[in-house]
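**Student:** Okay, here's the structure, questions in a sec.
The values are calculated or read from the model by the stated rules, or taken from the named source; none is laboratory data. These numbers were taken from a predicted model, which means no experiment stands behind them. Counting neighbours? That spans all protein chains shown, and the Cβs are built from the backbone with ideal geometry, glycine included.
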Amino acid sequence: MKHLHILISLILLINLNLLSATNLDINTIPISNTAISDLNEPAIFDLVITNNQDSDNFEIYSLVGVDIEPDSFTINSQQTKTIRISAMPQKALLSKKGFFTFEYIIKDSEEDIQKKTLTLNVADLESSFDITFANINPNSNTIQVSIKNRISKDFKNLNLEFSSAFFEQKETLTLESLEIKEIEIQLDKEKIKPLEAGSYLTNTKIKYQDKSATKEAMINFLEKEDLYSSESSSGLIKKRQEIIRHNVGNVKKSVSIRIEKNLITALFTNFNIEPTKSGFKGFGRYYIWEKELVSNEELKIISTTNWFYPVFIFLLIFGIIYLSKKSSTNHLTLNKNVSFVKTKGGQFALKVTLRIKAKNHITKIRLIDKLPPLVKLYERFGAIPPNEIDLTNHRLSWEIDSLNKGEERVFSYIIYSKIGVIGRFELPSARAVYERDGKLKDTNSNRAFYINEKRN
């Protein structure tokens, strides 16, 4: 008979799979998706069903060990109806805590079926809550306790009894679905006095309706000796380092701070407090501060390293070296001066003299000088006439094959103006382009000027 019963069940399952499906639209809304085993409370869901076929009476059930209520309902054609169902796992499933998904079946009067799934959570009273205790500070009078509802169910008139070596307290509260509440528990100072720092066991008795459960948790009793330390630094040119040791306990605490600097950094570093001891270590120096701190006292050391002056001196030396090196790379000197020339016609005329002297042997020298505007060039020149006269661009140039070290050449020319010039008359710099060691270099002269005062 037992084998026959199994065979019939298999045939029924096969036939169910061969049946045609109902024409229903089903939307699931969880109301409370947790079934609580020791309270015998099922999970609750709303099924929003639209009937796309003829009016009919439907059955709903599961073949996997979940009882569904109500087990039947009626929906008219083209009607949308909300059916609130309860889903309670049978005994074998209640022993397994956590989420699981099961299949349920809706069947109409024509034996047509439709299969859907639901996911519910199996929990008991103990696993429905998380209870967390904050650390106990010896200076505090209370301790914070966090109670978290882990499931989607509201608990009204939830009774909690807290007990430990530090306190005894009862609380009655309401916890909504997934809500977290924090409460304060008064510490028993007389119980605390003989206790040593460490971890202690706490018990919380949970009572709801006519059921109860107990949760255990560990609680930390902090040492009275407690030290806060911090370090920070800021700045680049003026670097500031701050080190703090703060006694936040309730007993005296001996502390020490050590700072090490290299010998160069040490020269530009000062401290807000003189160190207790200092000395040399290798290529650096060390500084030590020692102090016994009472409760709420701190030792703050501020180290300031000012790099402004050494950086400034370095940049100054670098600039001097750079300018000196740049000056030494000029292989010739070029000077320009001007003098007044008296003419028969009383015209304003100036003699321009260019002196070029080689510091080292140079070749392929080209000396270029520009004429100021509004002047004319006198056709007579000094001992060496220009190789090129470009009146369009107001430019004169001389070509020199080479100059030996210490050799000097002098070039001159006269400019004049028919327009009287009063005041400062300035001439632009001359330029010499040459080769040295196969590299092209150039040097500029000074800017020459002449001051003409009005004559009576």
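**Student:** Name the one entry in Leu374, Leu354 that is under 20 Å from Asn337 (Cα atoms) and either assigned to a strand (DSSP E or B) or in contact with a helix residue (DSSP H, G or I) (Cβ under 6 Å, 6 or more places away or on another chain) (or both).
**Tutor:** Values: Leu374 fails: either assigned to a strand (DSSP E or B) or in contact with a helix residue (DSSP H, G or I) (Cβ under 6 Å, 6 or more places away or on another chain) (or both).
Exactly one residue qualifies, and that residue is Leu354.
**Student:** Let me ask something else about it. Pairs, please: C-beta under 7 Å, at least 6 apart or cross-chain, first residue of a type in the set (Lys, Arg) and in the stretch 409-425, second at pLDDT below 80 and assigned to a loop (DSSP other than H, G, I, E, B)?
**Tutor:** Filtered contacts from the stretch 409-425: Lys418/Gln347.
**Student:** Considering only residues that are over 22 Å from Asn157 (Cα atoms) and not acidic (Asp, Glu), which ones fall in the stretch 175-201?
**Tutor:** Within the stretch 175-201, Leu187, Lys189, Lys191, Ile192, Lys193, Pro194, Leu195, Ala197, Gly198, Ser199, Tyr200, Leu201 meet the criteria.
**Student:** Taking interchain pairs and intrachain pairs at least six residues apart, which have beta carbon atoms under 9 angstrom, with the first residue in the stretch 70-89 and at positive phi and the second crowded, with 16+ Cβ neighbours inside 10 Å?
**Tutor:** Note: pairs meeting the criteria are Gln78/Asn51.
**Student:** For Glu260, are the conditions met, namely being over 20 Å from Glu297 (Cβ atoms) and either at pLDDT 90 or above or part of a loop (DSSP other than H, G, I, E, B) (or both)?
**Tutor:** When the stated conditions are applied, Glu260 passes them.
**Student:** Any idea which residue in the stretch 175-206 is modelled with the highest pLDDT, counting only those that are over 42 Å from the mean Cα position of the chain (by Cα) and charged (D, E, K, R)?
**Tutor:** Lys205
**Student:** Only one of (1) within 17 Å of Asn335 (Cα to Cα); (2) of a type outside the set (A, V, I, L, M); (3) touching a residue at least 40 places away in the same chain (Cβ under 8 Å) fails for Gly382. Which number is that?
**Tutor:** For Gly382, the failing item is (3).
**Student:** Residues Gln169, Gln144, Gln114: which one is in contact (Cβ under 8 Å) with a residue 40 or more places away in the chain and either surrounded by fewer than 19 Cβ atoms within 10 Å (Cβ to Cβ) or charged (D, E, K, R) (or both)?
**Tutor:** So the residue among Gln169, Gln144, Gln114 that is in contact (Cβ under 8 Å) with a residue 40 or more places away in the chain and either surrounded by fewer than 19 Cβ atoms within 10 Å (Cβ to Cβ) or charged (D, E, K, R) (or both) is Gln144.
**Student:** Would you be able to say whether some residue in the stretch 317-325 is modelled with pLDDT of 85 or more, within 60 Å of the chain's Cα centre (by Cα) and not assigned by TED's automatic domain parsing to the domain that holds Arg424?
**Tutor:** Among the residues of the stretch 317-325, at least one is modelled with pLDDT of 85 or more, within 60 Å of the chain's Cα centre (by Cα) and not assigned by TED's automatic domain parsing to the domain that holds Arg424, which makes the answer yes.
**Student:** Return the total of residues in the stretch 181-201 being loosely packed, with under 14 Cβ neighbours inside 10 Å, free of Cβ contacts under 8 Å to residues at least 24 places away in the same chain and under 21 Å from Ser146 (Cβ atoms).
**Tutor:** 1
**Student:** Does Thr174 count as β-branched (Val, Ile, Thr), loosely packed, with under 15 Cβ neighbours inside 10 Å and in a strand (DSSP E or B)?
**Tutor:** yes
**Student:** Please determine whether any residue of the stretch 269-292 is assigned to a helix (DSSP H, G or I), surrounded by 10 or more Cβ atoms within 10 Å (Cβ to Cβ), without any contact (Cβ under 8 Å) to a residue 60 or more places away in the chain and of a type in the set (Phe, Trp, Tyr).
**Tutor:** Scanning the stretch 269-292 turns up no residue that is assigned to a helix (DSSP H, G or I), surrounded by 10 or more Cβ atoms within 10 Å (Cβ to Cβ), without any contact (Cβ under 8 Å) to a residue 60 or more places away in the chain and of a type in the set (Phe, Trp, Tyr).
**Student:** Of everything in the stretch 358-379, what is farther than 26 Å from His331 by Cα and of a type outside the set (D, E, K, R)? Give them in sequence order. If you could, list the steps in order and put the result at the bottom.
**Tutor:** Our first condition is that a residue be farther than 26 Å from His331 by Cα; within the stretch 358-379, this holds for 372-379.
If the condition is that a residue be farther than 26 Å from His331 by Cα and of a type outside the set (D, E, K, R), then Pro372, Pro373, Leu374, Val375, Leu377, Tyr378 are the ones that fit.
**Student:** Further question on the same structure: Is the stretch 120-137 home to any residue that is in contact with an Asp or Glu (Cβ under 8 Å, 6 or more places away or on another chain), more than 18 Å from Leu63 (Cβ to Cβ) and touching a residue at least 60 places away in the same chain (Cβ under 8 Å)? Walk me through it before giving the result.
**Tutor:** Restricting attention to the stretch 120-137, the residues satisfying the condition of being in contact with an Asp or Glu (Cβ under 8 Å, 6 or more places away or on another chain) are 124-125.
Applying the additional criterion that residues be more than 18 Å from Leu63 (Cβ to Cβ) yields 124-125.
Now drop any that are not touching a residue at least 60 places away in the same chain (Cβ under 8 Å), which leaves 124-125.
Checking the stretch 120-137: at least one residue is in contact with an Asp or Glu (Cβ under 8 Å, 6 or more places away or on another chain), more than 18 Å from Leu63 (Cβ to Cβ) and touching a residue at least 60 places away in the same chain (Cβ under 8 Å).
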